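Remarks on the structure that follows.
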C-alpha cells in the first residue's frame, strides 16, 4: 500500500497492461488470408477532432526508457507505442490488422510467413523503411547480448529472408499461431538498420504518428506530430506526458483543467475529478491470484491445494479488497479464450468440501502456510492478502502473511522461493502468450509456476500449432480445466482500469490491453 | 583574524572528512537495500532473463564490477566533475542535479524568507510583553507551527484550492523563474508557505528566547538608563545581539530544507533534489542517489560553514578579539 | 551552553511539578488518555477492530456507532486513529530510546575519554548529521524488511547524533570539575567515575532531549508513512491515513480531519510536555535544540 511506489509504475502492473499488447487472437491469422490495408482508426461514430492544439496526459513517473526493445514500464509503453510501429497491430476489438506489413501469407504447414511491407514509409529522420530494417530489428532482438525483453517471442524464428525491399519472410521451427499477435508489442518495434541502441536511447527514430520532441527528467515527455507519417496525421500538434508524482495531484490538475487525460488505479480517485470528465471503466487482462508452489512443502499435495481453492469466496475477497471493482476470473483472461470462472471443483465457496480435501491430505487438524505479499508493487495486494487469509481462517487454514518490500518480493518470486504468493500477473490476448512461459516444463518461468505435467506440455505444444480457432479454443479450455482441477493456483479476479478523459478532447478509445494507441486519433474539440 | 582563519580551516578540513564519511556510508547503505536496478525496472519480468541477458543488463547498469571498483571509480569520477550517469533518464547526474538543485534552493530561500518575516517580528513581539496576550499568542503560533505536519497542511491546501477554486499552478508543469516568472512564483507560493510556516516555529522561539536573554543584560539596561528610545533600543541593541542564535538556527533550518523538503516537493510536483533522491532510491539507481546525497550533504556543510563565519562576524565578543 | 547541571532532580517531584503547570499537566493527562485508549482499542475493549473491514458501511459520516465515521473499506476511523496513535507512540518511543541510549553513550564516552574514541564518535556524529534526516530515515527504512521495529531503528539512528552532541559538551566540562579530579586521585577506575559521577549530571539534559525528540520522531514516522515507507499495512498509521484521505477528502472530509486533528493534538501535547520538562529541569536553558 505504500503510496509512492504504488503510484509509480509498478513493473508488474506495467507489464500486465503493456504485454497484453503483445499477443493476439487467432481469428485473423488463418492461412492464405489476405488482409485489408487499413490502419487502426477510432470508431466511426466519434466526432472528428479539431486540428491543432496541445494535449496533456498525466502520468505519475517518467517513462524510464525511450528504447522500445527494453521497455517494460507502463508509461514507457504508452509513449513508445505512438512513436514506433510494428509489423502487425491491433484494432479496438483486438483483431490483428496490418501495421507496417500490409498483408501476409502463411504457408500451409505454418512454418513460414511472408509479409508484404507497406510502400512509401519513412522513418522520422527521412530514411526509407524496407525489409532490411525488419531483418535488422528482429535479429537484434533475438541476440541475447541485447537483452531485449521480447527475445523469447522470436524464439521460434529460425531465419529471416528479405527477397526484396518490400518483402520479409519469417521461417519458423514449428507453426506458431499466436505469433502475428505477439508481433504487435512495441517491444518488437521496427527500427532503422542505421540506428543502434545507443542512438535510440537519447532520441527516437520511428515510423509512428508522433516523434519525440523533448524529454525533461522528472517533468515531462513531449511528442510532436510526425508530418511524414504514412497513415492519417494526428490532429494534435503536440502531446505532453506530464509527470505529477501521484494520482491525487493528477486528479487536482484534471479538476483545474491542466490535464486532459489520465489513468487511475482506483475508482474513488478517478471519480473525485470534478468538472466535465468522463471515466471509462475497462476490464484488465491482468489477474490477481494466490499462486501455489506445487513443488514446495505442503503445496505438493493436490488435496491441500484443492482445500485452499474451495475455501475462498473470490467475490467476497473482491468486494472487500477492491470494493467489488472487478470480475472473478478463471485462468485465462484472453477475451476469445476466456475461462469460465465457474468451471472448477468448487464454483462457490464450499467449506465442507474444503474440510474433506484437507482431511484427505492428512491435515484434518488444520494447516499453517506462508504467503509472500508485495507491499509496494501494486495497489491492493495487502488488502487482498488479508481478505484471503480471513477466508482461509474459517477453513482451519492459517495463512501467515510475509509482507515484503518490492525488491525482496521480486527476488523471491523470481526464484520460486515461496510456498504461496499473492500476485498480480499480466494477461495477454493470446493464451499461449499468457501461460506459454509458465506451465510448459520448458517455459522460462516454470520454476516460478511450480507446476508441470506431460499432459500440459502436450496441450501447449498442440495449441501453438492448431490453426482452427474452434479446435484451439478447445485445447485451451482443456488447459484451463487441468489448472483448475489440480488447483495449480487460486485464480481470484481481474480488476478494472479507470481512464479519465476530459470532455474537451474527443477521439480516444481505451483498449482492454491498456494501450493508448488511439491517442493518434485524439484531438481537442 | 588569524584565530578566525585557522578556526575556519580546521572546520573546513573536518567538513571534508565528514563528506568522505557520508560518501562511504551512502554507498554501502544503498547496496544493502534488497533488489537492484534490474529488478526495479523489470520487476517480475526479470524472471524470464537468460544468463547472457542478465549479464548484459548488469553491464548496462554498471552492476557487474566489484564493490571496491564501483566505489573507487565513482569517487574518481567525482573528482573529475563526473557525478555518474542515470540510465533511466539517459542524462548525467550532474545535469539532473544542476536542474534539480536550483528548484529546492529557490524553495528553501523563499521558505526561509517567509519564516523570518513571520518568525522574527512575532518572536520580538512576544518577548516584549512576556506573559501578556501577545506572548501567549506568539507561543501558540509557534506551537502550532511545530506540531502541524507539513504534509497535512500541504495536502489540505492543495486539494481544497485546486478543487474548489480551480487554483492549481502546480499542475501546469514546472517552470523555472527565467522561463516564466509569474507561473514560477505561483508554483512556489503554496509550498514555501507550508514550509515557511513550519520553520517559523523554531525561529519564533529562538527569537523570543534570544531577545529575552539580551534584554536582561547589562549593556541594555545601561542604554535604557541613558534614555535611548525603545525603538532604537529594540533594533540597534537588542536585535543585533539576538541575531546570533537566530542566524545559527536559520542556517540549520536552511540546511535541513535542502533534503527535508522532499514531501512537499512530492505533493506539489516540484522537481527538486529531494524528489530526485527518493525516486532514485525506489529505482535503485545507485550513482544517482549517491551523488545527489553527497551534493546535498556538501551544500549543508557549506551552509554551516557560512553560518559559522557569519556568526563570528556579527558576534561582538568575537569581533572584540 | 555551559550550565552546571542542576542538582539531581528526583523523579516524583519533577512529575508533580509538571502536573502543577497547567500546560504540562493538561498535556500529560491528554497523552495518558490517548495511550490508555489505544491500549483499550487494541485489546478490543473499546471501538472496533482497526483492520476489520465492513464494506457495507463504507464512507459513513461520523455518527453514533462510528464516532469518526468510516473509511473506504468500512473500517472505523476512530479505532484506526487511536490505534495509529498507539503505533506512533510505540515507534517513536523505541526510536528515541535507541537514540538516547546510543547517543548518550557516544557523547559520554567520547567526551570523557577524548582521543581516538572521541574523534571516531564525533566523526560518526557529523556524518549522520550531514545527512538530510528524512532522506536518511527513508533510506535506512528501505534496507531491512519493513516492520514497526525496523522503522523505529531507522528513525532512532537518525537522532543518535543529536543526543551525542548534546551530552558531549557537558561531559567535557564536567571532566575538569574538581570532584572528578578528586575521584581520580583516589584511584577510582575511569569507568566508575564516568558512570557514578558524570552520567548522573547529564541525566536532565538527556531527558529534555528525549522529550523534544519524541515529537519530531512522531512527525518523522508520520512523514515516512505518508511516503509509504513506514510500518507496512494493514497496521493503521496516521501518516498513511492522511495519504489515503487526499482524494477521499472531497467526498468524505472526516477521513482527513480525524487523523489530522489527532496527530496535531498528539504532537502539541508532546511539545508542551517537553517544554514543561525543560522549564523544570533546566530553567536557564534558552536555546532551542532543533
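Looking at C:204, C:213, just one residue is crowded, with 23+ Cβ neighbours inside 10 Å, modelled with pLDDT of 90 or more and closer than 27 Å to residue C:13 by Cα, and that residue is C:213. Check the range A:446-464 and report whether any residue there is within 18 Å of the chain's Cα centre (by Cα) and farther than 17 Å from residue A:286 by Cα. The answer is no, given that none of the residues of the range A:446-464 is within 18 Å of the chain's Cα centre (by Cα) and farther than 17 Å from residue A:286 by Cα.
Does residue B:44 satisfy being more than 23 Å from residue B:298 (Cβ to Cβ), at the interface with another protein chain (Cβ under 7 Å from one of its Cβ atoms) and assigned to a helix (DSSP H, G or I)?
Numbers: more than 23 Å from residue B:298 (Cβ to Cβ): yes; at the interface with another protein chain (Cβ under 7 Å from one of its Cβ atoms): yes; assigned to a helix (DSSP H, G or I): yes.
Yes; evaluated as a whole, the condition is true for this residue.
Residues that are crowded, with 16+ Cβ neighbours inside 10 Å and within 14 Å of chain A (Cβ to nearest Cβ) within the range C:36-54 comprise C:50, C:51, C:53, C:54, listed in sequence order. Can you name the residue in the range A:466-476 that is closer than 19 Å to residue A:174 by Cβ and surrounded by fewer than 17 Cβ atoms within 10 Å (Cβ to Cβ) and is also modelled with the highest pLDDT among such residues? Looking at residues that are closer than 19 Å to residue A:174 by Cβ and surrounded by fewer than 17 Cβ atoms within 10 Å (Cβ to Cβ), I get A:471.
Run down B:158, B:141, B:146 and say which single residue is closer than 23 Å to residue C:216 by Cβ and within 11 Å of another protein chain (Cβ to nearest Cβ).
Working: B:158 fails: closer than 23 Å to residue C:216 by Cβ; B:141 fails: within 11 Å of another protein chain (Cβ to nearest Cβ).
The conditions single out B:146.
Only one of the listed residues (B:193, B:161, B:185) is in a helix (DSSP H, G or I), within 16 Å of the chain's Cα centre (by Cα) and farther than 30 Å from residue B:312 by Cα. That residue is B:193. Among the conditions (1) more than 19 Å from residue A:206 (Cβ to Cβ); (2) at pLDDT 95 or above; (3) within 24 Å of the chain's Cα centre (by Cα), the only one that residue A:178 does not satisfy is (2). Of the residues examined, residue B:81 is one that is free of Cβ contacts under 8 Å to residues at least 24 places away in the same chain, more than 10 Å from chain A (Cβ to nearest Cβ), within 31 Å of the chain's Cα centre (by Cα) and not in a helix (DSSP H, G or I). It is to be established whether one or more residues within the range A:378-400 are within 14 Å of another protein chain (Cβ to nearest Cβ), surrounded by fewer than 20 Cβ atoms within 10 Å (Cβ to Cβ), in contact with a helix residue (DSSP H, G or I) (Cβ under 9 Å, 6 or more places away or on another chain) and part of a strand (DSSP E or B). Yes, the range A:378-400 has at least one match.
Restricting the search to the range B:95-151, which residues are outside any helix (DSSP H, G or I) and either surrounded by 21 or more Cβ atoms within 10 Å (Cβ to Cβ) or modelled with pLDDT of 95 or more (or both)? Let's see the steps before the verdict.
Filtering the range B:95-151 down to residues outside any helix (DSSP H, G or I) leaves B:129-132, B:148-149.
Across the range B:95-151, the qualifying residues are B:148, B:149.
Any idea which of (1) under 30 Å from residue B:43 (Cα atoms); (2) modelled with pLDDT under 95 is the one residue A:328 doesn't satisfy? Just one mismatch for residue A:328, condition (2).
Can you say whether residue C:240 is away from every other protein chain (no Cβ under 12 Å), crowded, with 24+ Cβ neighbours inside 10 Å and either without any contact (Cβ under 8 Å) to a residue 24 or more places away in the chain or under 27 Å from residue C:142 (Cα atoms) (or both), as far as the supplied structure shows? Outline the logic, then answer.
Numbers: away from every other protein chain (no Cβ under 12 Å): no; crowded, with 24+ Cβ neighbours inside 10 Å: yes; either without any contact (Cβ under 8 Å) to a residue 24 or more places away in the chain or under 27 Å from residue C:142 (Cα atoms) (or both): yes.
Considered against the rule, which asks whether it is away from every other protein chain (no Cβ under 12 Å), crowded, with 24+ Cβ neighbours inside 10 Å and either without any contact (Cβ under 8 Å) to a residue 24 or more places away in the chain or under 27 Å from residue C:142 (Cα atoms) (or both), residue C:240 comes out as no.
Of all the residues in the range A:345-377, those that are part of a strand (DSSP E or B) and in contact (Cβ under 8 Å) with a residue 40 or more places away in the chain number 7.
Given C:23, C:70, C:54, C:104, which one is within 30 Å of residue C:147 (Cβ to Cβ) and in contact (Cβ under 8 Å) with a residue 24 or more places away in the chain?
Numbers: C:23 fails: within 30 Å of residue C:147 (Cβ to Cβ); C:70 fails: in contact (Cβ under 8 Å) with a residue 24 or more places away in the chain; C:54 fails: in contact (Cβ under 8 Å) with a residue 24 or more places away in the chain.
Of C:23, C:70, C:54, C:104, the one residue that is within 30 Å of residue C:147 (Cβ to Cβ) and in contact (Cβ under 8 Å) with a residue 24 or more places away in the chain is C:104.
Only residues that are out of contact with any helix residue (DSSP H, G or I) (no Cβ under 8 Å at 6 or more places or on another chain) and not in a helix (DSSP H, G or I) were counted in the range A:290-326, giving 3.
Can you tell me which residues in the range A:214-232 are within 14 Å of another protein chain (Cβ to nearest Cβ), in contact with a strand residue (DSSP E or B) (Cβ under 7 Å, 6 or more places away or on another chain) and not in a loop (DSSP other than H, G, I, E, B)? Don't jump to the end; show me each part of the working.
So in the range A:214-232, the residues within 14 Å of another protein chain (Cβ to nearest Cβ) come out as A:214-222.
Keeping just the survivors that are in contact with a strand residue (DSSP E or B) (Cβ under 7 Å, 6 or more places away or on another chain) gives A:214-215, A:217-222.
A:214, A:215, A:220, A:221, A:222 - these are the residues of the range A:214-232 that are within 14 Å of another protein chain (Cβ to nearest Cβ), in contact with a strand residue (DSSP E or B) (Cβ under 7 Å, 6 or more places away or on another chain) and not in a loop (DSSP other than H, G, I, E, B).
Looking at this structure, is residue C:6 at pLDDT below 70 and in a helix (DSSP H, G or I)? So residue C:6 does not fit the description; no.
Taking the listed residues A:152, A:127, the one that is in contact with a helix residue (DSSP H, G or I) (Cβ under 9 Å, 6 or more places away or on another chain) and either within 30 Å of residue A:445 (Cβ to Cβ) or modelled with pLDDT of 95 or more (or both) is A:152, with no other qualifying. Could you tell me which of the residues B:105, B:167 is more than 11 Å from every other protein chain (Cβ to nearest Cβ) and either under 23 Å from residue B:245 (Cα atoms) or free of Cβ contacts under 8 Å to residues at least 60 places away in the same chain (or both)? After applying the criteria, what remains is B:105.
Answer yes or no: is there a residue in the range B:10-21 that is within 30 Å of residue A:214 (Cβ to Cβ), part of a helix (DSSP H, G or I), without any contact (Cβ under 8 Å) to a residue 12 or more places away in the chain and more than 14 Å from chain A (Cβ to nearest Cβ). Let's see the steps before the verdict.
Step one: filter the range B:10-21 for residues within 30 Å of residue A:214 (Cβ to Cβ), giving none.
There is no residue in the range B:10-21 that is within 30 Å of residue A:214 (Cβ to Cβ), part of a helix (DSSP H, G or I), without any contact (Cβ under 8 Å) to a residue 12 or more places away in the chain and more than 14 Å from chain A (Cβ to nearest Cβ).
When the residues of the range A:401-427 are filtered to those that are part of a loop (DSSP other than H, G, I, E, B), within 13 Å of chain B (Cβ to nearest Cβ) and touching a residue at least 60 places away in the same chain (Cβ under 8 Å), the one that is nearest to residue A:366 (Cα to Cα) is A:418. Any idea which of (1) under 23 Å from residue C:251 (Cβ atoms); (2) facing chain B (nearest Cβ under 7 Å); (3) touching a residue at least 12 places away in the same chain (Cβ under 8 Å) is the one residue A:252 doesn't satisfy? Going through the list (1) under 23 Å from residue C:251 (Cβ atoms); (2) facing chain B (nearest Cβ under 7 Å); (3) touching a residue at least 12 places away in the same chain (Cβ under 8 Å), residue A:252 breaks only (3). Could you tell me which residue of the range C:97-123 is surrounded by the most Cβ atoms within 10 Å (Cβ to Cβ), considering only residues that are within 14 Å of chain B (Cβ to nearest Cβ) and touching a helix residue (DSSP H, G or I) at 6+ places or on another chain (Cβ under 7 Å)? Applying the filter and picking the extreme gives C:121.
Within the range B:196-285, which helices (runs of 4 or more DSSP H) (wholly inside it) include 2 or more residues that are at pLDDT 85 or above and under 21 Å from residue B:301 (Cβ atoms)?
The qualifying helices (runs of 4 or more DSSP H) are B:240-260, B:273-282.
Within the set A:479, A:448, A:490, the sole residue that is in a helix (DSSP H, G or I), over 30 Å from residue A:222 (Cβ atoms) and modelled with pLDDT of 95 or more turns out to be A:479. Taken as a whole, the condition of being facing another protein chain (nearest Cβ under 10 Å) and either free of Cβ contacts under 8 Å to residues at least 60 places away in the same chain or assigned to a helix (DSSP H, G or I) (or both) does not apply to residue B:63.
Please find, among C:247, C:220, C:255, the residue that is surrounded by 18 or more Cβ atoms within 10 Å (Cβ to Cβ), within 13 Å of another protein chain (Cβ to nearest Cβ) and at pLDDT below 85.
Working: C:220 fails: at pLDDT below 85; C:255 fails: at pLDDT below 85.
Going through C:247, C:220, C:255 in turn, the sole match is C:247.
The values are calculated or read from the model by the stated rules, or taken from the named source; none is laboratory data. Owing to the predicted nature of the structure, the values given are computational and were not obtained by experimental measurement. Cβ: placed from backbone, ideal geometry, glycine included. Neighbour counts: every protein chain shown.
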